[in-house]
Amino acid sequence: MKKIIWIFTLTLIIFTASFSFAQNQKSWYKFYRVSKFDLSSFLAKIDHSKLPDNDIQKFVGVNKPFHNISYEPSDLVPLQWRSHISAQTRHTLRKESADNLEKMANAFYAKFWKNIVIASAYRSYEYQKNSISENCKRSGRCAREWESEHQLWLAIDLREATNEKKFLSKYQKYYDRLHDNAHLYWFHQSYQNWREFDGYYIEPRHWRYLWTWLATKLHDKNITFTQYVVLSTKN
């Protein structure tokens, strides 16, 4: 009798251990699948406003400033001599964003036989501060100093500083091309939904480098980076 009880107990232990191992294997496989094939689901939990200032996906916006007011990356390059980019000497970006902008400009030139014209790129803290006081007194027209994507060295304004209506009246077909294809070069139009959603007026001229999966995800879901950050931090 004792022998039968001992065998039954041992069998139960082995069965329980096997079942537990199988479940762990399933859990690990599920984690592996998420890590390998759905990395964005994991990264979506990140609060992008709390990332370091030098992170490509750093979010800055209304009441979401830089950590360090004197931040300046070490990989800056001028845009002036890049192929099919028309830019002045002072216009600079971080190298990775400049390289991808050049690729986008080459594709743009192949389509329209025109260069991408840069009206603005990096702006300093003092420049942004003066812009607010001199040119952008209406709330939502310009980002406050220390909250501007231009201070990331990742954002550009195209053609000219004007409002949505005037910009699209001149450059609609060029804008449509970028709207449909900029994500392929990891750029994103930051402000598409007015102040109530993005904190600023719609700016078809303003594009920001974001990196591959995020720019594509925003394009596919038809949402802005601001909307994405709000949704991510709420979940």
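The values are calculated or read from the model by the stated rules, or taken from the named source; none is laboratory data. It should be emphasised that the depicted structure is a prediction, and the values quoted were computed from it without experimental measurement. Note that we place each Cβ from the backbone using ideal geometry, even for glycine, and neighbour counts take in every protein chain shown.
Filter region 178-195 for residues that are farther than 15 Å from Leu214 by Cα and touching an Asp or Glu at 6+ places or on another chain (Cβ under 9 Å) and give the result. Passing the criteria: Tyr191, Gln192. Checking the structure you have, find out if any residue of region 170-181 is at pLDDT 90 or above, farther than 26 Å from Lys50 by Cβ and aliphatic (A, V, I, L, M). Scanning region 170-181 turns up at least one residue that is at pLDDT 90 or above, farther than 26 Å from Lys50 by Cβ and aliphatic (A, V, I, L, M). Residues of region 98-135 that are of a type in the set (Gly, Ala, Ser) and either outside any strand (DSSP E or B) or at pLDDT 95 or above (or both): Ala98, Ala105, Ala107, Ala110, Ala121, Ser124, Ser131, Ser133.
The rows are residues; the columns are (1) more than 15 Å from His150 (Cβ to Cβ); (2) part of a strand (DSSP E or B); (3) in contact (Cβ under 8 Å) with a residue 24 or more places away in the chain; (4) not assigned by TED's automatic domain parsing to the domain that holds Phe187.
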{"position": "Gln57", "(1), (2), (3), (4)": "yes, no, yes, no"}
{"position": "Asn68", "(1), (2), (3), (4)": "yes, no, no, no"}
{"position": "Tyr71", "(1), (2), (3), (4)": "no, no, yes, no"}
{"position": "Val77", "(1), (2), (3), (4)": "yes, yes, no, no"}
{"position": "Gln80", "(1), (2), (3), (4)": "yes, no, no, no"}
{"position": "Leu93", "(1), (2), (3), (4)": "no, yes, yes, no"}
{"position": "Glu96", "(1), (2), (3), (4)": "yes, no, yes, no"}
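Flag: Lys64 does not match the condition of being free of Cβ contacts under 8 Å to residues at least 40 places away in the same chain and either surrounded by 17 or more Cβ atoms within 10 Å (Cβ to Cβ) or in the same structural domain as Ser124 (by TED's automatic domain parsing) (or both). Look at region 156-185: where a residue is within 21 Å of His219 (Cβ to Cβ) and a partner is assigned to a loop (DSSP other than H, G, I, E, B) and among the β-branched types (Val, Ile, Thr), sitting 6+ places away or on another chain with Cβ atoms under 7 Å, you get Glu164/Ile202.
Is it fair to say Gln151 is farther than 19 Å from Phe108 by Cβ, touching a residue at least 40 places away in the same chain (Cβ under 8 Å) and buried (at least 21 other Cβ atoms within 10 Å of the Cβ)? Criteria met by Gln151. For region 186-208, the condition of being in contact (Cβ under 8 Å) with a residue 60 or more places away in the chain and aliphatic (A, V, I, L, M) holds for none of the residues.
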